[in-house]
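Report on one structure; see the data block that follows.
Bear in mind these aren't lab numbers, they're just calculated from the coordinates by the rules spelled out. Predicted, not measured: the structure shown is a model, and the values here were computed from it. As a convention, Cβ positions derive from the backbone with ideal geometry for all residues, glycine included, and neighbour counts pool all protein chains shown.
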Amino acid sequence: MVRLLILGTGSMANTHAEAFAKIDGVVIVGGVDTRPEALAAFQTRHDIARGFATVQEALAWGGFDAVTNVTPDGAHFATTMPLLAARKHVLCEKPLATNKEGALTMADAARAAGVVNMVNLTYRNGAALQRAAVMVADGAIGAVRHFEASYLQSWLTQPAWGDWREEPQWLWRLSSAHGSMGVLGDVGIHILDFMGFVAGQSVVEVSCRLATFDKAEGGRIGDYVLDANDSATMQVRLDGGALGVVHTSRMATGHFNDLRLRIFGVLGGVEVGFENNVSRLRVCVGDDRLTGVWRDVECPETPSVYARFIAAIQGNGEAIPDFARGAQLQRVLDRAMESADQGGIALTV
């Protein structure tokens, strides 16, 4: 039996609680949040007996084996490090940290502790993505030469998930003082992983431009200074030589939460989509490349990150993506920010 602690009780924590509750061999034994009312409501909603105000209080109790960390980005480092020191298994929301130094420190600490450590890069769960990665690795499209990837959201232009002007769960994502790297850090990390996982390669060079748009009088709402980036575009080169574009925005009206990836090789191409919560794979390979015909590929379902985290703890699978992958992606994000600060010049990663 894996005794699980949920750290943070915001909206995403409900998704974690519901997913873990469905997995055999898991019992959710406690929740942690500095806000007593939010913590109490979360415990009631998910029938969780114990609640703690801090990680330290939970560690003093000690009756848990693993933690899913669903705190805001800026709290990941401070809350995860004590857990690793106590040799607790950790699934951490993305991004792993707010800079590469923090992410590398977390990855090193997890490795030294010898515990299962994973980053919740949600879209790794997609059946189409997993199938596409296997096809590319098996040589179905030959050497990769070009790609284009996008992650589009619209919650700044339409009420996809409520009114962002009135809800802290969205406002903090718009403020660097509250630990946000903007859309680049929030969802840019997903599309970079989405692309790199299928290509089977690492980013070696990035050029980036960022935009922050006026959204409120004086550029702030209450305690939130709205200075984090809202849109990001990147030109990216991979270690195999392929060149491509990656872009993401919260201003993409009509796209609640859509990802798309197209990768082209010398022998064919693959197109992965996750749109309107539907995962889809189309390919142009073999003789079809001579006529430009694209065909849908049926993809078997794959286990969720929550199930894979528990399986890894039980010794039944690999802990992928791990903190080392999170740190690798954080380095790309940091270099992208540096590039944007210098007018979009290309920087090695």
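Tabulated values for the structure
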item	result
Theoretical gain in end-to-end length, V266 to A38 [0.36 nm per residue, Cα-Cα removed]	76.7 nm
Whole-Hz ³J(HN,Hα) from phi, Karplus 6.51 cos²θ - 1.76 cosθ + 1.60, for region 88-98, glycine and proline x	9, 5, 9, 9, 10, 4, 8, x, 4, 8, 9
Sequence-distant lysines (8 or more away, or on other chains) whose Cα lies within less than 28 Å of K215	K94
For region 49-99 versus region 208-229, the gap between their alpha-carbon centres in whole angstrom	30 Å
Rounded if a/c under 1.5, otherwise prolate or oblate - region 268-322, Cα gyration tensor axes	prolate
DSSP-loop GluC sites (Glu not before Pro) across region 276-349, with at most 12 other Cβ within 10 angstrom	E298, E301, E318
About the Cα centre, charge dipole magnitude for region 2-149 (Lys/Arg +1, Asp/Glu -1 at Cβ), debye	220 debye
Mean ellipticity per residue at 222 nm, deg cm²/dmol - from DSSP H runs of n ≥ 4 across the chain, formula -39500 (n - 2.57)	-9500 deg cm²/dmol
Set of region 176-199 residues, backbone N closer than 15 Å to the point 7 Å along the Cα-Cβ line of F213	183-184
Stretchable slack from S202 to E166, in nm (0.36 nm times residue separation minus alpha-carbon distance)	9.1 nm
Highest-first arrangement of 306-316, 178-188, where packing means the average Cβ count within 10 Å	178-188, 306-316
Cα coordinate range in region 2-122, projected on the principal axes (Å, largest first)	38, 29, 26
Between helix 189-199 and the chain: long-axis angle, C-alpha atoms, 0 to 90°, nearest 10	50 degrees
Karplus-derived HN-Hα couplings along region 267-274 (A = 6.51, B = -1.76, C = 1.60, θ = phi - 60°), whole Hz, x at Gly and Pro	10, x, x, 10, 10, 10, x, 10
Ordering of 136-148, 200-212 by packing [mean C-beta count within 10 Å, highest first]	200-212, 136-148
Chain lengthening between A86 and E101 when straightened (0.36 nm per residue, less Cα-Cα)	3.3 nm
Tilt relative to the chain, helix 100-113 - C-alpha long axis, 0 to 90 degrees, to 10	70 degrees
Estimated distance in nm for a label pair at N14 and I320, the labels positioned 7 Å out from Cα along Cα-to-Cβ	3.4 nm
Highest-first arrangement of 250-258, 322-330, where packing means the average Cβ count within 10 Å	322-330, 250-258
Candidates per trypsin sites (Lys or Arg not before Pro) in region 1-80, loop by DSSP, up to 14 other Cβ within 10 Å	K22
